[in-house]
Amino acid sequence: MAKPKEDFSVKETSPNISATKDTMGPARASDLTEQMHFLFVKIVKARYLIGLADPYVELMLGNYKATTKFLEKKSNPEWDQVFAFKKERIQASEFEIVVKNRADLSTEIIGKLSFTISEAPLRVPPDSPLAPQWYRLEDKNKVKVKAELMLSVWMGTQTDEAFSSAWHSDSAAVGGDGIVHTRSEQYYSPKLWYLRVNVIDAQDLVLRDKNREIFVKATLGNLVFKTKTISPKNYDKHPTWNEDIMFVAAEPFDDDLVLSVEDKLQPNREESVCLGRCVIPLLDVEKRLDNTPASNQFYNLERPGGGEDQNQVKFASKLNMRISLDGGYHVLDESTHYSSDLRPTEKLLWRPVIGVFHLGILNATGLPAMKPKENRTDAYCVAKYGSRWERTRTIVDSFTPQWNEQYSWDVHDLCTVLVIGVFDNGHVQVGDSPAQRVFLHQRIGKVRIRLSTLATNRIYTLSYPLLVLQPRGAMKMGEIQLAFRFSCSSYVNMLHSYSKPLLPNMHYLSPLSVFQIDSLRHQAAYLISSRLTRAEPPLMKEVVEYMLDVGSQMWSIRKGKANYDRVTDLLNGFVAVIKGFEQIRNWRNTGVTVMVHILFWLVVFFDELIFPIMFVLLFLAGIWRHRKRPRNPPHLDTKLSRADTTNEEELDEEFDTFPSKKTGEVVRRRYDRLRSIGGRMQTVLGDLATQGERAQSLLSWQDPRATAIFVCFSLIAAILTYIIPNRFMIFLAGIYVLRHPRFRIDLPSVPHNFFRRLPAKTDSMF
């Protein structure tokens, strides 16, 4: 019996949220999530616990048991801890709070309290926090003792302020320090700068051997770059490089920039001797916001210490350089097709906020067992937009986790993509000793949402399939249910943004090469990963790299075939036009042929109707396609990506490392060279397909605002071209195209900016 084909489509859902699809205005704190009720117990402190060594509090609610931290030799301990129990899993009408002493090995307790769950007051923000009270403890005979415990008990929801830092019953199986890795957290990427080092020349350089080649080596942290080597016969007095070296630097600046002039020992080897070096703190480096060249300075080089140079002066020579931190660029850390932020580094250059994006992460269903030995999955989500990362709490041991957490981001540009990834928490493990554990957070799936494809103020409630490409092919790892909405704060600014350049002005006034962009992107991803892994709890390296699509530019036969298919699909449209014209010439349909003849005669005898008719047809085509516009944003398409037709051999190549681990040195070198060249060809094919798909999206209503702008432009252009004579328009167009360079600007034109912002099928590819 044939295996049923898996459903990879996006489905509309009807979650029980307070916001509806007709709701207008800004979203509230939790109107995109299903309300979940929790019993909150806040243990503040105790007093009059005389003679106790390590007092602690134990909560017992049905099958749940939770304890506070131990405080050594405190008669008036302060815990200030919150415990949250999910209401639907509570199977008791009362709960007990017991104060114990860790050093006391007897079964006697210091005191206890009992509470009825139904009497807990209901509190929902923005209600004020519930004030804690002092309660006298009772012994085992229910006799009041002197010791007292301050606490508060209430029934609340996940919007409560104490929810994020509370101990959760969903994580009751996690003990010790592992509980920290299950909480909701917020992370921020470090502020990144492009560090430009323009090495001009060196003066008064003392050479050991005038026949050797020299170069400049720049070091920042673990990164080392070198200039081209110069032979003494190529210069008279001063070696001149005039070469740019680019780094990515992250605030706070922990590393200094180290520059050294190196004397190459042998032409065909990497060994070199340092002739002089200088250390430049990044805090002293000039910051620039535009393309005005940085001031050049002479930096004194010091000879390396030790050996025969100890009795010589430290001053060796000077290095003439321009060094600057360029804040006018946007430091690319993601793939350019899926960028979630286009703002420059310097905050003064940011564009105004045009709206707010609200995201509700509801639940997931059908997750596989990511820990097969334990038959469990400890899932959590990570959402990234701009420099802010949001991490949900981990639902322990559940294949149908319910998060119901809501987040919001300010939007500065619509042509950006928000990414949601689902992972298995590798820090939640049982059965192995800590020394034997490998804290690997496995990927379960990812969802991309391009904001420009969303209708304004519409609430989307969709269930996305979680797709992952594995050596066996594309696998569905379950589904995630989301609710999201883009709320516009300034409709005029939003429409005006379509005429603005996609990237900051510095990318066009002083553009970077393709090689520089690729190198700098990997540097940025490495810095972000290293900083976020130092947080507590850490956002693991494999999570950051998966969210940033690190390695997505590597060559694979599958991607090459997919991009080739995208190009051929575009060419099929031109082929269809040619075939249709051949049918008209051959009088296959007499009525259509007669209509084309009449239209041709009108154009010939009334040439002023050429442009009006063309724009009217575009206008009518856009209006006609409005009824077939996409109702939901695009998602990963296995057919478009050829993930459903690729074979194991091609996938084995795609999942192979770079450089390859295949046997045979010659084969490996040739194979890696082929992959490197093929990666560039693949990128060119993808870019070509992207341009064509953007042209197709003009009338597809994929981006409703862009199509509306183009349709209105077509109507206005049809009227203007009807009023203005064609000869006059052609004359103006010719004068504009042939205008003098002094009347031109280096920034892209408005039509170019509009076209660059149009969506393509890149969002639907693995």
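With one equal scatterer per alpha carbon and no solvent term, the Debye-computed log10 I(q)/I(0) for the range 45-99 at 0.19, 0.24, 0.25, 0.28 1/Å reads -0.69, -0.92, -0.96, -1.11. Calculated FRET efficiency, E12 and N753, Cβ-Cβ r, R0 35 Å, to nearest 0.05? FRET efficiency, E12 to N753: 0.55.
Only Cα sites of the chain enter the Debye sum here, all with the same form factor; the resulting log10 I(q)/I(0) across q = 0.05 1/Å is -0.38, listed in q order.
Provide the FRET efficiency to the nearest 0.05 for the T645-S530 pair, computing r from the beta carbons and using R0 = 25 Å. Walk me through the intermediate numbers first.
On the way: r = 38 Å, r/R0 = 1.53.
Calculated value: 0.05.
Seen against the Cα atoms of the chain and their longest principal axis, helix 665-696 is set at about 80 degrees.
Each residue of the range 332-345 was assigned a 3J(HN,Hα) from its phi angle through the Karplus curve 6.51 cos²θ - 1.76 cosθ + 1.60 (θ = phi - 60°); the sequence is 6, 10, 10, 4, 4, 7, 10, 5, 9, 8, 10, 7, x, 5 Hz, with glycine and proline shown as x. Close amide-amide hydrogen proximity is noted between L257 and I280, L282, each under 5 Å apart and 5 or more residues distant or on a separate chain (H modeled in the peptide plane; Pro and chain starts excluded).
Out of the GluC sites (Glu not before Pro) in the range 239-301, which ones are loop residues according to DSSP with at most 12 other C-beta atoms within 10 Å? Qualifying residues, ordered by number: E270, E271.
Once both labels are positioned 7 Å from their Cα atoms along Cα-to-Cβ, the gap between E302 and F655 label points is 5.2 nm. Angle of helix 557-585 to the longest C-alpha principal axis of the chain, folded into 0 to 90 degrees and rounded to 10: 50°.
Are there trypsin sites (Lys or Arg not before Pro) in the range 323-383 that DSSP marks as loop and that have at most 13 other Cβ atoms within 10 Å, and which are they? Can you show the working numbers first?
On the way: sites: K347, K373, R376; in loops: K373.
Counting only loop positions with at most 13 other Cβ atoms within 10 Å, the trypsin sites (Lys or Arg not before Pro) in the range 323-383 are K373.
Suppose the chain between T292 and S552 were pulled fully straight at 0.36 nm per residue; how much longer would it get relative to their current alpha carbon spacing? Intermediate values should be presented prior to the final figure.
Numbers: separation 260, 0.36 × 260 = 93.60 nm, distance 3.42 nm.
The T292-S552 span can extend by a further 90.2 nm.
In degrees, nearest 10, range 0 to 90: what is the angle between the Cα axis of helix 726-737 and the longest Cα principal axis of the chain? Roughly 70 degrees, rounded to the nearest 10.
On full extension of the chain, what length is gained from I677 through D127, given 0.36 nm per residue of separation minus the C-alpha to C-alpha distance?
Numbers: separation 550, 0.36 × 550 = 198.00 nm, distance 6.18 nm.
Result: 191.8 nm gained on full extension.
For the pair I735 and R631, what calculated FRET efficiency results from E = 1/(1 + (r/R0)^6), where r is the Cβ-Cβ distance and R0 = 45 Å, to the nearest 0.05? After rounding, the FRET efficiency stands at 0.50.
Computed from backbone phi, the HN-Hα couplings of the range 535-544 come to 6, 10, x, x, 9, 5, 4, 5, 6, 4 Hz, rounded to whole numbers (Karplus: 6.51 cos²θ - 1.76 cosθ + 1.60, θ = phi - 60°; Gly and Pro given as x). Here, the range 37-172 yields an orientationally averaged convex hull projection of 8.0 nm² when only Cα atoms define the hull. Here, the range 495-559 yields an orientationally averaged convex hull projection of 7.3 nm² when only Cα atoms define the hull. Near the amide H of K287, within less than 5 Å, lie the amide hydrogens of L325, all on another chain or at least 5 residues away, with H placed in the peptide plane.
Shown here for the range 247-286: trypsin sites (Lys or Arg not before Pro) in loop regions (DSSP other than H, G, I, E, B) with at most 11 other Cβ atoms within 10 Å, namely R269.
Taking the Cβ of each residue in W587, W409 as the centre, tally the other Cβ atoms inside 10 Å and list the residues starting with the fewest. Can you show the working numbers first?
Numbers: W587 10, W409 21.
Ranked by crowding around the Cβ, least crowded first: W587, W409.
Sequentially through the range 388-402, phi angles give Karplus couplings (6.51, -1.76, 1.60; θ = phi - 60°) of 9, 10, 10, 10, 6, 6, 8, 8, 7, 6, 8, 8, 10, x, 10 Hz, Gly and Pro residues having no value and appearing as x. Distance between the pseudo-spin-label points of I598 and S490 (7 Å out from Cα toward the beta carbon): 5.0 nm.
Readers should treat all values here as calculations from the given coordinates under stated rules, not as data from a laboratory. Owing to the predicted nature of the structure, the values given are computational and were not obtained by experimental measurement. Cβ: placed from backbone, ideal geometry, glycine included. Neighbour counts: every protein chain shown.
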